[in-house]
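Input: a single structure, listed below in structure tokens.
What follows is calculated from the coordinates using simple rules that are stated; it is not laboratory data. Remember, it's a predicted structure, so these values are computed and weren't measured experimentally. Every residue, glycine among them, receives a Cβ derived from its backbone with ideal geometry; neighbour counts consider all protein chains shown.
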Amino acid sequence: MNRRSSLNSKLTVSPYIIWAALFIIAPLFFVVYYSFTTSAGDFTLENVQALSKYLPTFLRSIWFGIEATLICLIIAFPTAYIIAQKTDKIQRTMVMLVMLPMWMSFLIRTYSWMAILQDTGIINTFLTKLGIHPVHMINTGGAVILGMVYNFLPYMILPIYSVMAKLDYSMVEACQDLGGNRLTVIRKCIIPLSLPGIVSGVTMVFVPSVSTFYISQKLGGGSFDLIGDVIERQFQQSYNYNLGAALSLVLMILILISMAFMNKFSDEGEIVI
């Protein structure tokens, strides 16, 4: 009976194992393989050594990702808290409104911001009618970060909201009974209890922000190359798959390190009243 149950368990999980092998393990293997080989298939370290000249691009990508993530967190935390305080019907409506932009194509959302931020766009046209000098917004670092925030903000709001909606508010009441004011309750009770959602949201925003390339191309005008742009050019224009794979490998390692750090930070979180 136990042997039959074990066999059934193996058969049940086998599709997931096959899926992981084909679409996770195999692609990672090819990334590592191409990173340390030439176009002829010979082993080399030239691809890794060539990465040093892309250090400014890596740093810019990380910095833009950190800025976008922090802005999303500042906006998402109070938004999720407000949604969690509402009735179930209002919560469903507000969550739907948060998810509504995600129903549109990523390309359409980004193109829409191009129309808004252009020198002759909606904002500058409105400012001109008010007699205010137009502001140059498109093709700037701020426009790139704005595009990241707009596109990835729901990925920060939803995990935090899902945790806040299930909070044990008896802990909040206990903190208030012990003399904590509103700021103390938020800082020492609500934030620690919401930490799993915050960590998930930070990871879900930081990872695509660091690796994005379309937003920087359209809203940055090619003036703010991110590592995703460099990788995309290596595969689509230069056809240097080996260098592109090496860049992808470093980016993947950076993402794994950040995820491991965030998970460790989440595990060590605790409530101190």
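From the alpha carbon centroid of segment 93-151 to that of segment 165-201 is 34 Å.
Among the lysines, select those whose C-alpha is under 30 Å from the C-alpha of Lys218, and discard any that sit fewer than 8 residues away in the same chain. Reachable lysines: Lys53, Lys129.
Taken as Cα centroids, segment 11-37 and segment 203-269 sit 20 Å apart, rounded to the nearest whole angstrom. For the chain, with a Gaussian network of springs between Cα atoms less than 10 Å apart, report the residue from Glu232, Glu46, Glu67 with the top mean-square fluctuation. Residue with maximal mean-square fluctuation among Glu232, Glu46, Glu67: Glu46. Taking Cβ separations below 4.7 Å as the criterion for a possible disulfide partner, the isolated cysteines in the chain are Cys72. Annotation for Ile18 and Arg109: the two label points, set 7 Å from Cα along the Cα-Cβ direction, are 3.4 nm apart. Computing Cα extents along the principal axes in Å for the structure here picks out one of (i) 54, 42, 35; (ii) 81, 70, 33; (iii) 60, 34, 34, namely (ii). Counting only Cβ charges, +1 for Lys and Arg and -1 for Asp and Glu, the dipole size of segment 53-267 around its Cα centre is about 200 debye.
Extension gain for Arg233-Ile122 works out to 36.8 nm (0.36 nm per residue, less the C-alpha to C-alpha distance).
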